[in-house]
Amino acid sequence: RSPHGAEHIKEMLTGQILWVSKGTVALDAVVYALIGLFHFACARQFMAISEGVAAALGKGIRVRLWDFFFYASFGIVVSLSVRVAGVLLVFCFLIVPAVISALFAHRFSMRLVLGWTLGTFVTILGLLFSWAFDFPSGPAVACFFGLALVVSAALRGADALVLRWAGGQAPRAFRPVGVTAVLLASFLLVFIPALTHNPLEIAPEDHGAHVHFTRSHARGSAEDRHALRAKLRHGSSDEKVLAAKAIETRHIGEAALDLAQQLLVEPNEEVITALAHAMIALGDPCVLAPLKRDVKKDSPLPLRLAAAQVLVGLKDKAGAPMLIEILALEGPEALKHRQEALQSLRAFAGSDFRYDPSADPQANKAALEKWAEWWRSQSDQRI
């Protein structure tokens, strides 16, 4: 039994769509292209079987053989896709666009075009929402597919009502105008908030006084700055995150040591990430000494990662070996930390040495050796 079974299941369901390596993308693109060409060349047989097995047998088509070819190629595509996007998103792509297109189109060609168009549009909406509101990309896109299905069913029901009201003669423009209006409204409802969304516009209270986390207040009053620093120490996890983001946005330099001190004792990973980002944004070297002094090899992994990111973010090379150690960690439970460590090292070193955070240590052996060699070449240099 795997002690990390929950992590395996979570990764299988949601995938790692933002961390796919170039090699994986290239391999999938080649396989998809080959299978697409195969299906295009064999479209006559597949379409004949889809339209009717008896008719296909009458034409001399070996149905079982072509069924095997179809489902074998289909299985390859699904297996490769699940590895990238996860089970939820892959089956949303497979089912939802086809169902929606069947609601509004009768000809196969129209269903194909409508399915492709809707699938692309809904995916863009989901990714835009994920980017703007900091949601996981795979689940966000899957939720938008579910929402698209509900809206389409409602629109189809409205179409049936119009048909009944018009005595079976609905206006010809009703469906295209209705679908276009829904798509445009959906895009605007996501796109406009994405442009204007500012997570710092929440105003938690501090002993009856509002602490306004908005850009318009710049650094704020001395009382507001003191309240933010108090939130770092005594607030809830959400309040600590908001306080750290407000300190970062307002560039409150006197809070740099408060951020570092809270980082060293903070158990919540989301708060740790926000604290690290704020310290990097402030750029105050006063945080380097306590981090290098108090973060040890046996410190919790999120703390080691955040401290290393702050160090390299402030151009201190002492963080590089800490990040390289994280790259060498094994197991799916450390996948996210390996990904973030690689991102920081890539920005610091200008290369990733073809390291793949989702691969096993044996596959990354050469890359880890290159990282070790790079560190040896840097250890005697001043940055």
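Read-outs throughout are calculated quantities, based only on the coordinates presented, and are distinct from any laboratory measurement. Note that the structure is a prediction, hence the values are computed from the model and not measured. Every residue, glycine among them, receives a Cβ derived from its backbone with ideal geometry; neighbour counts consider all protein chains shown.
Taking the empirical scaling 2.2 N^0.38 Å for compact globular proteins as reference, the stretch 245-299 has a Cα radius of gyration ratio of 1.07. Hey, if you drop one equal point scatterer on each alpha-carbon of the stretch 317-383 and run the Debye formula without solvent, what base-10 log of I(q)/I(0) do you get at q = 0.20, 0.24 Å⁻¹? Values returned for q = 0.20, 0.24 Å⁻¹ are -0.73, -1.03. A full extension of the chain between residue 254 and residue 317 corresponds to an added length of 20.2 nm, given 0.36 nm per residue minus the alpha carbon distance. Length gained on full extension, residue 27 to residue 44, computed as 0.36 nm times the residue gap minus the Cα-Cα distance: 3.4 nm.
Summary of packing: across the peptides 32-38, 317-323, the per-residue average of other C-beta atoms within 10 Å ranks them, highest first, as 317-323, 32-38. Taking the average, over residues, of other Cβ atoms within 10 Å as the packing measure, peptides 289-295, 39-45 rank 289-295, 39-45 from highest down. If each of residue 150 and residue 378 carries a label point 7 Å out from its Cα toward its Cβ, how far apart are those two points in nm? Rounded to a tenth, the inter-label distance reads 4.7 nm.
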